[in-house]
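Let me begin by presenting the structure, written as structure tokens, before commenting on it.
Rule-based calculations on the coordinates, nothing more; no lab input. Keep in mind it's a predicted model, so treat the numbers as computed, not measured. Neighbour counts run over all protein chains shown; Cβ positions are idealised from the backbone, glycine included.
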């Protein structure tokens, strides 16, 4: 089945130690998104790629970076994780920027910072 | 700024007890309104897209409706497996057309 896969499901990292989360998709969607979701809160868009074009949200901290080496893969890099960065990180894809078919989400990576 | 507010934050029902979840939104021009289901520790699962006031969509025990200011997700005769958080999101016409989510309604169905 075509899907969005996030690895790892759970990630524990030390305060200040760089961490990378990965996302892959078999849907051949040209848009990929990264959302941050804290407990009982709305998912918050960090950035998205339209093909190779990177689009950062204005309030996304500089501590968060992303890479998309090809259509199938996208990475979220957190350069110096703080305790406030503990959250569920969701990767999503859509066909075209409008995404009127809805986004397809992965199962998420739960990040713990110790 | 586009905004989505969902109510109630949490809802507990008995099996078979029908109810509705509310999603109020403000958006410059609505391209689409989306409903998602999210189980604990998982990513959101797409349910419906609504495009214009008066539109309705159904899937099993769920029916979504849309007006110019809000959407309702009606749950008829729910079962315990309907327990989840239900997220509403809007997409504005023009601009980046990104999805803006509400905080969700956590629904619990007791057997």
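Across the stretch B:15-37, the residues whose backbone nitrogen lies under 16 Å from the label position 7 Å along the beta-carbon direction of residue A:58 are B:28. Each part gets one Cα centre, and for the stretch A:16-38 versus the stretch B:46-81 those centres are 29 Å apart.
By the count of other C-beta atoms within 10 Å, a proxy for reagent exposure, B:51, A:10, B:36, A:50 are ordered fewest to most as A:10, B:51, A:50, B:36. GNM remark for chain B: springs join alpha carbons under 10 Å apart, and the peak mean-square fluctuation among B:24, B:71, B:52 falls on B:52.
Of all DSSP-defined beta bridges confined to chain A, some 90% are antiparallel rather than parallel. In the stretch B:2-30, whose amide N lies under 14 Å from the spot 7 Å out along Cα-to-Cβ of residue B:67? List them in ranges. Under cut-off, by backbone N: B:21-26. The average projected area of the stretch B:72-111, computed from the convex hull of its Cα atoms over all directions, is 3.5 nm². Take residue B:7 and residue B:81, extend 7 Å from each Cα along the Cα→Cβ direction, and tell me the distance between the two endpoints in nm. Distance between the two pseudo-spin positions: 3.3 nm. Ordering A:3, A:32, A:88 from the fewest to the most neighbouring beta carbons within 10 Å gives A:3, A:88, A:32.
The Rg/Rh ratio of chain A, with Rg taken over Cα atoms and Rh as the Kirkwood radius over Cα pairs, comes to 0.94. Placing a pseudo-label 7 Å from each Cα along the Cα-to-Cβ vector at residue A:73 and residue A:41 gives an inter-label distance of 3.0 nm.
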